[in-house]
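Notes to accompany the following structure.
What follows is calculated from the coordinates using simple rules that are stated; it is not laboratory data. Predicted model only: the values in this text are computed from it and were never measured. Neighbour counts run over all protein chains shown; Cβ positions are idealised from the backbone, glycine included.
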Ligand SMILES: [Zn+2]
């Protein structure tokens, strides 16, 4: 029997259908000598840090085990499913790894395989599309599982690095800051927080500067046109001096005509799709990923979305044109004439074998969409039209630049005529402002034109805008380096050195929001006070450096390509863990106590707020924050664990009724009421008078 492991049940069902495993069983499908089973994401995890160090005090950190063990997830459903998989693996003649074709998918399978302790060889199903044809093709060309060892080592290195750096760093900082809340630190999340905070502060603290520009209106052949003095003047007097010089005539010195072209865009990879969807529809990176995953897995109308390539490979050409044929007859009938252009033109720009690694760009499969939810439909349309644009024509313009001279002041006039709207036909009717024609009169060299008016415009410099998810994603891709759109070559080269991977970026953004460092305000990403404090306190440390994270990411890529040993990376990460942990141990002092405004006032001093830790309630106006209140309520008193209701009663009324279940040192159970003693800032026990106690 051949056993196939998919990453989740829905995918297992699709595969089962193809291999003819039609019988449903508990945790798997079977038939035709196949068993198709599934994981629910990660069933096996790296061991809890407490396995290696029971007391995680500052002195005991960092915890760096020689080797981090694997353990079963604590979730009962996952444990049960693992038992099903293990049993099937033991009975198998051959195992087929059909998890997601990427780093995380590989890790999910390998951990299960290792934990099941089987020796059966395994094969790898590696597909980029979930259509029936693609799955069939994948099964016809199964790979030897061991070919993906480097991918596994890279995945393992990533997981262990996050464990070592993240756990040690977070515990060290949380303990040293002692603010009553967890301060999470991570190899990838912390530089992302820094990017958002730094941009926010830069924007808020920006001091605008005045500058001045000059423009004139000229006239030739009874037609007015605009000409400018190029550049900015920082001083008004200088601008005035130049303006003064401009006379009432200007001589045409030079006319330069050329055709300018805007090249066709590339099909999307995940990050560019997420950025575009955030701009157009305001979707978070996580939402876009989810919609795209549905389109891939459930609807099967786009290819594998977790890709970092914006190119397609040569061997796909026939399929691609087949897809355009299909689109022409069904989904994009109204665009038929433009698809005809695509089919004739055979644009090669998106085809580049060298830039397709594990996966190619995201494109439609040609399959007809049915029953899409609104978000799915919006994302599908983005993918569909980007695919068409990529294979269509560039935008062509006739551009004219006229250089004029007015009393030795150079004036520049520009004209544009849109010759061919090219791929922008897929943007719908509305033209961008920049695509509107700007007409110049028919000027000739040495012609003298009239200067009708001249003017100074006062302007102010503007700060870089606060980051949105779209702009953050771009920055993560280039590890914090701001690049112009023209720098696409450089951006491409930096792709392997970004913060996180396309598949993980959405998750990183969600994590830093959940941990309280960042908030969403409409499309903007705004740091919380904690986020700002975090970055200020850790300033200068490598953990905030996008470049360092980018370098680690690059090394993971090298492991994947077989250019770097797992062990080398792991040793470097261990050394780095020592460094990070030491820095975090010494950085806690600068953090202010976290006080949630929703907290209750302290019943003893009235100045502080009450904070709850798992074991106690205490006043924030305590000696650790230079206060003078010592109020402290342990949640367990005389071996009785107080319920939330009992604690609330005590805190709001100042006392409770008689409670049962206290245990004296002698072992005898007793009853008592609790009462806050304001003078001594503690909780007293009130016992029943003897008589009453007897009657009860
Ligand atoms: Zn107090």
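Numbers at a glance
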{"read-out": "Nearest-0.05 FRET efficiency for residue 410 and residue 222, computed from C-beta distance (R0 25 Å)", "value": "0.55"}
{"read-out": "Over the stretch 270-391, equivalent-ellipsoid semi-axes from the Cα gyration tensor in Å", "value": "22, 18, 13"}
{"read-out": "Net lengthening on full extension, residue 545/residue 628 (0.36 nm per residue, minus Cα-Cα)", "value": "25.9 nm"}
{"read-out": "P(r), alpha carbons of the stretch 348-477 - 10 Å bins starting at zero, rounded %", "value": "8, 21, 27, 23, 14, 7, 1"}
{"read-out": "Cβ-derived FRET efficiency at R0 60 Å, residue 666 paired with residue 524, nearest 0.05", "value": "0.45"}
{"read-out": "Cα-only Debye scattering, the stretch 166-306: base-10 log of I(q)/I(0) at q = 0.09 Å⁻¹", "value": "-0.72"}
{"read-out": "Using distinct alpha-carbon pairs, which all enter the 1/r mean, Kirkwood radius of the stretch 1-73 in Å", "value": "14.8 Å"}
{"read-out": "The stretch 2-141: C-alpha pair distances exceeding 24 Å, %", "value": "34 percent"}
{"read-out": "Largest-first principal axis extents, alpha carbons of the chain, Å", "value": "116, 76, 48"}
{"read-out": "Residues residue 71 and residue 686, FRET efficiency given R0 of 51 Å [Cβ-Cβ distance, rounded to 0.05]", "value": "0.60"}
{"read-out": "For the stretch 610-695: Kirkwood Rh in Å [reciprocal of mean 1/r, alpha carbons]", "value": "13.9 Å"}
{"read-out": "Rh by Kirkwood over Cα pairs, then Stokes-Einstein D for the stretch 537-657 at 1.002 mPa s and 20 °C, µm²/s", "value": "115 µm²/s"}
{"read-out": "Virtual spin-label span in nm between residue 599 and residue 554, 7 Å along Cα→Cβ", "value": "4.4 nm"}
{"read-out": "Distance (nanometres) between label positions extended 7 Å along Cα→Cβ at residue 17 and residue 58", "value": "5.9 nm"}
{"read-out": "Along principal axes, Cα extents of the stretch 176-215, largest first, whole Å", "value": "58, 22, 11"}
{"read-out": "Distance in nm between pseudo-label sites at residue 653 and residue 510 (7 Å out along the Cβ direction from Cα)", "value": "4.3 nm"}
